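Chemist: My questions will all concern the structure given below.
The values are calculated or read from the model by the stated rules, or taken from the named source; none is laboratory data. Bear in mind that the values here come from a model prediction, so they are computed numbers and not experimental data. Cβ: placed from backbone, ideal geometry, glycine included. Neighbour counts: every protein chain shown.
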């Protein structure tokens, strides 16, 4: 039995292939477009993650620099703790690390 061409009868396998090749190529093109879109989306996601990671690293470095500057300006630990309390007075911060970060940032912006 000879396969049917899309929309009409075919009398030979070569005739069937000649008629069917357009639909096959269209499906291949569709799949290629989908693959390209997926690859572009993945590239965009990877690029965004890299940018976010770099921004976080930059922010962490800036905070570390402010803390180091604050500690150099207040070498005496007792006075440094007093300054931290003064700069964070009234805040709801409980974590000592958070207080140091906030105090250092506020001190640098005075």
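Chemist: All but one of (1) without any contact (Cβ under 8 Å) to a residue 40 or more places away in the chain; (2) assigned to a helix (DSSP H, G or I); (3) touching a helix residue (DSSP H, G or I) at 6+ places or on another chain (Cβ under 9 Å) hold for residue 43, so report the exception by its number.
Modeler: Just one mismatch for residue 43, condition (3).
Chemist: Is it the case that segment 19-31 has a residue that's surrounded by 13 or more Cβ atoms within 10 Å (Cβ to Cβ), touching a strand residue (DSSP E or B) at 6+ places or on another chain (Cβ under 9 Å) and either touching a residue at least 12 places away in the same chain (Cβ under 8 Å) or in a helix (DSSP H, G or I) (or both)?
Modeler: Yes, some residue in segment 19-31 is surrounded by 13 or more Cβ atoms within 10 Å (Cβ to Cβ), touching a strand residue (DSSP E or B) at 6+ places or on another chain (Cβ under 9 Å) and either touching a residue at least 12 places away in the same chain (Cβ under 8 Å) or in a helix (DSSP H, G or I) (or both).
Chemist: Looking only at residues in segment 7-18 that are out of contact with any helix residue (DSSP H, G or I) (no Cβ under 6 Å at 6 or more places or on another chain) and assigned to a loop (DSSP other than H, G, I, E, B), which one is modelled with the highest pLDDT?
Modeler: The residue in question is 12.
Chemist: Which one of these does residue 39 not meet: (1) over 27 Å from the mean Cα position of the chain (by Cα); (2) modelled with pLDDT of 95 or more?
Modeler: Condition not satisfied by residue 39: (1).
Chemist: So, one more: Just checking, how many residues over segment 54-75 are under 25 Å from residue 96 (Cα atoms) and out of contact with any helix residue (DSSP H, G or I) (no Cβ under 8 Å at 6 or more places or on another chain)?
Modeler: So the count comes out to 13.
Chemist: Right, next: State the number of residues belonging to segment 72-95 that are surrounded by 10 or more Cβ atoms within 10 Å (Cβ to Cβ) and under 33 Å from the mean Cα position of the chain (by Cα).
Modeler: 3
Chemist: Could you tell me which of the residues 92, 81 is outside any helix (DSSP H, G or I) and out of contact with any helix residue (DSSP H, G or I) (no Cβ under 6 Å at 6 or more places or on another chain)?
Modeler: Checking each option against the conditions leaves just 92.
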